Ligand SMILES: [Zn+2]
């Protein structure tokens with residue numbers, strides 16, 4: 001059983017139109033052979049040597065990732081450069097790489113929607129056009145209770161934050177990845193807290209001045225939920241079309257940013 005790499009790629013192109021991606025982004029089949037047969041699809045957040053090795057070890061010929069391997073045009077593909085090494089290994093191993101990135105961010109069920117579902121938010125709506133989600137907790141929580149509750153949901157994330165709120169936490173905005181750009185919209189929507197990743201210094205100052213909490217669970221943690229979700233979508237479509245694909249996720253993937261004491265382990 002199995003199908004062509006191009007069959008899976010065409011279905012992904014239809015489901016997450018590449019026109020929705022930002023102009024700088026690199027999405028779709030970025031390295032590959034549409035005519036190659038695939039029986040096992042591996043899904044990971046990032047296209048790395050490790051995720052390619054995992055795919056190779058499972059006899060997979062298609063790695064589907066959220067992040068692309070590069071976003072600026074490559075002038076040359078040389079094995080001694082990180083991007084070149086990745087392409088080299090993919091071609092040598094016969095593995096195609098398909099990326100669904102900012103086009104997935106703008107879809108109804110992208111990383112922000114996954115995050116809202118994971119945090120069990122109710123009455124969920126978009127924060128800004130296609131980006132971020134806002135909803136409410138079933139039960140308002142005092143700040144300390146919310147902090148504990150969030151940490152339990154992201155046990156490996158060193159959560160940092162900025163700003164403050166005097167109110168109990170009830171309205172919550174989430175934005176997977178680097179979501180600090182939605183701070184103003186989240187504030188306008190009257191949230192007490194925005195949960196996202198990659199919060200920078202000036203974003204933190206803005207949170208202070210606006211009087212909302214911005215909590216950074218890390219880019220990786222805020223988006224990793226999309227990996228099992230994407231695997232389920234591919235599996236369901238495979239069953240529907242009778243492709244008979246085996247679909248798995250690369251569970252060995254870790255946040256590259258970690259506390260210093262864990263770096264040398
Ligand atoms: Zn991301």
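Nothing in this text is a laboratory measurement; each read-out follows from the coordinates by a stated rule. All values reported here derive from a predicted model rather than from experimental measurement. Using ideal geometry, Cβ is built from the backbone for each residue, glycine included, and neighbour counts are taken over all protein chains shown.
With the contact rule set at Cα under 8 Å and sequence spacing of 6 or more, what percent relative contact order holds for the chain? Present the calculation step by step, with values, prior to reporting the outcome.
On the way: 534 pairs, mean separation 51.9, N = 265.
The value is 20 percent.
How big, in percent, is the set of alpha carbon pairs in the chain lying more than 26 Å apart? Please list the in-between numbers first.
Working: 15518 of 34980 pairs.
That fraction is 44 percent.
Could you line up 16, 220 from fewest to most neighbouring Cβ atoms inside 10 Å? Could you put the intermediate results ahead of the total?
On the way: 16 23, 220 20.
Lowest count first: 220, 16.
Rounded to the nearest 0.05, what FRET efficiency do residue 166 and residue 109 have when you use their Cβ-Cβ distance and R0 = 35 Å?
Efficiency computed from Cβ-Cβ geometry: 0.55.
Report the normalised scattering of segment 1-88 as log10 I(q)/I(0) at q = 0.16 Å⁻¹, calculated by the Debye formula with identical scatterers on the alpha carbons.
For segment 1-88, the Cα-only Debye profile gives -0.68.
Highest mean first, what order results for 136-149, 67-80 on Cβ atoms within 10 Å?
Numbers: 136-149: 14.3, 67-80: 12.3.
Ranking the peptides 136-149, 67-80 by packing returns 136-149, 67-80.
Please give the calculated 222 nm ellipticity per residue for the chain, where each DSSP H segment of at least 4 residues contributes -39500 (n - 2.57) and the sum is spread over every residue; nearest 500 deg cm²/dmol? Working shown, then result.
Values: 11 runs with 96 residues, N = 265.
-10000 deg cm²/dmol, from helical runs alone.
May I ask you to sort 196, 165 by Cβ crowding, counting other Cβ atoms within 10 Å and putting the fewest first? Could the numbers behind the result be given before it?
Values: 196 28, 165 15.
Listed from fewest to most nearby Cβ atoms, that is 165, 196.
By per-residue mean of other Cβ atoms within 10 Å, what is the highest-first order of 43-56, 244-257?
43-56, 244-257
Give me the extension gain from residue 136 to residue 153: residue separation times 0.36 nm, minus the current Cα-Cα distance, reported in nm with one decimal.
Numbers: separation 17, 0.36 × 17 = 6.12 nm, distance 1.65 nm.
Roughly 4.5 nm would be gained on extension.
Considering Cα pairs under 8 angstrom that are at least six residues apart, work out the relative contact order of segment 2-62 and quote it in whole percent. Mind showing how you got there, number by number?
Numbers: 55 pairs, mean separation 25.0, N = 61.
That works out to 41 percent.
Note the per residue figure in Å³ for the convex hull of the C-alpha positions in segment 111-217. List each step's numbers first, then the result.
Working: hull volume 9.1 nm³, N = 107.
Per-residue hull volume (Cα only) is 85 Å³.
What does the extension gain come out to for residue 85 and residue 198, with contour length at 0.36 nm per residue minus their alpha carbon separation? The partial results should precede the final answer.
Working: separation 113, 0.36 × 113 = 40.68 nm, distance 2.68 nm.
Full extension from residue 85 to residue 198 adds 38.0 nm.
What translational diffusion coefficient, in µm²/s and rounded to a whole number, does the Stokes-Einstein relation yield for segment 92-169 at 4 °C and a viscosity of 1.567 mPa s, taking the hydrodynamic radius as the Kirkwood radius over Cα pairs? Mind dumping the intermediate values first?
On the way: Rh = 14.9 Å.
Translational diffusion coefficient: 87 µm²/s.
Using Cα atoms only, what is the angle between the long axis of helix 201-210 and the major principal axis of the chain, expressed in degrees (0 to 90) to the nearest 10?
Once rounded, the angle reads 40 degrees.
Using only alpha carbon pairs under 8 Å that are at least six residues apart, calculate the relative contact order of segment 45-173 and give it in whole percent.
Taking the mean separation of contacting Cα pairs over the length of segment 45-173, I get 18 percent.
Going by how many other Cβ atoms sit within 10 Å of their own, how do 118, 98 line up, fewest first?
118, 98
Send over the Kirkwood Rh of segment 85-134, from the inverse of the averaged 1/r over different Cα pairs, rounded to one decimal Å.
Taking the inverse mean of 1/r over all distinct Cα pairs, segment 85-134 comes out at 12.8 Å.
How high is the FRET efficiency between residue 125 and residue 76 when r is their beta carbon distance and R₀ equals 45 Å, given to the nearest 0.05?
Details: r = 45 Å, r/R0 = 1.01.
Using R0 = 45 Å, I get an efficiency of 0.50.
On C-alpha positions alone, give me the angle between the axis of helix 82-93 and the longest principal axis of the chain, in degrees, nearest 10.
That helix lies at roughly 40 degrees to the long axis.
Any idea what angle helix 143-153 forms with the longest principal axis of the chain, computed on alpha-carbon atoms, 0 to 90 degrees, nearest 10?
With both axes taken from Cα atoms, the answer is about 10 degrees.
How big is segment 38-166 by the Kirkwood estimate over distinct Cα pairs, in Å?
On the way: mean 1/r = 0.0566 Å⁻¹.
When all Cα pairs of segment 38-166 are included, the Kirkwood radius is 17.7 Å.
Which residue, 223, 167, 83, tops the fluctuation ranking in a GNM of the chain built on C-alpha contacts under 10 Å?
Evaluated over the chain, the most mobile residue of the options is 167.
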